[in-house]
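Note sheet for the following structure.
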Amino acid sequence: MLSMGFGFVEYTTKEQAKQAQKAFQGVQVDGHALQIKVSDRTSAKGPDGESSAVAGEVAGSMALRSSNKAKGTKLVVKNVAFEATKADLRDLFSSFGQIKSIRLPKKFSGGHRGFAFVEFLTPQVALQVKEQMKDTHLYGRHLVIDWEEDHNATLDDLRAKVSKQYRREEFNQQASASKRIKLNGGDDED
C-alpha cells in the first residue's frame with residue numbers, strides 16, 4: 001500500500017478533536033513525528049446528521065479566505081518523482097474534490113518530465129489543494145504546487161507569446177552582431 005503521508009480523522013465535537021490533537025501531536029509512527037492540524041475541508045454529515053463542529057467553523061473561515069485568492073482551476077505540480085503515475089496523483093488530490101484532468105508531460109525517451117498539471121472543477125478546490133498540500137511529499141520528494149500561468153490561454157495566445165519571445169531573441173542576436181562589427185571593423189572615431 002502506498003502511503004501519501006497524510007490522513008483525515010473526523011470527530012463529532014470540537015473538544016474531541018482538540019483532545020486528539022494534544023494526545024497525538026509529535027507521536028512517532030514509522031520513524032516520523034505526527035503533525036496534527038485541523039483540516040479546512042468541509043466534512044460529511046456525522047452519525048447524528050449534523051456536520052462536525054470543527055469542520056463547520058473552519059469551512060466558514062476557508063470560504064472567506066478563498067473568495068479573493070483563487071487564480072483558476074489548474075495547478076502545476078513540480079518535483080514529481082519519476083516513479084509517480086497519474087493514478088498516484090489522482091489518489092493524492094481526489095480527496096479534495098473532483099479532478100477534471102491530470103496531465104504528466106512526457107519526455108521523448110519515455111517517462112514523464114517531473115511535473116504535472118492538475119485541473120479541478122472549481123477554483124475553490126484548486127485553492128484548497130494549493131494551501132493544504134504545500135508541505136506534501138510523494139515518493140520522498142517535496143511537491144511544489146503553484147498556479148498554472150496560462151490557465152486561460154488559447155492556442156492563438158500561446159502562438160503570440162512564442163512569436164514575441166522569438167522576435168526578442170532575434171533582435172538581441174542582431175544587436176549583438178552589430179556591436180561586434182562596429183568594434184572589430186569600424187573606424188577609430190572617438
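Observations
- Filtering the stretch 8-40 to residues that are touching a helix residue (DSSP H, G or I) at 6+ places or on another chain (Cβ under 9 Å) and in contact (Cβ under 8 Å) with a residue 24 or more places away in the chain leaves Glu10, Tyr11, Thr12, Thr13, Lys14, Ala17, Ser39, Asp40.
- Count - residues of the stretch 84-109 that are surrounded by 12 or more Cβ atoms within 10 Å (Cβ to Cβ) and part of a loop (DSSP other than H, G, I, E, B): 7
- Any hit, the stretch 22-35, residues being surrounded by 15 or more Cβ atoms within 10 Å (Cβ to Cβ) and either modelled with pLDDT of 80 or more or within 26 Å of the chain's Cα centre (by Cα) (or both): no
- In the set (1) in contact with a Ser or Thr (Cβ under 8 Å, 6 or more places away or on another chain); (2) closer than 22 Å to Gly7 by Cβ; (3) modelled with pLDDT under 50, Asp48 fails one condition alone, (2).
- If you check Leu121, Leu155 for being open to solvent by 50 Å² or more (accessible area, probe 1.4 Å) and either on the phi > 0 side of the Ramachandran plot or at pLDDT below 90 (or both), only one passes: Leu155.
The values are calculated or read from the model by the stated rules, or taken from the named source; none is laboratory data. Everything numeric here is computed off the predicted structure, so don't read it as measured data. Cβ coordinates were reconstructed from backbone atoms using ideal geometry, including for glycine residues, and neighbour counts include every protein chain displayed. When the accessible area is computed, the model is the full protein with side chains, heavy atoms only, and any ligands, DNA or RNA have been set aside. Shrake-Rupley method; radii C 1.70, N 1.55, O 1.52, S 1.80 Å.
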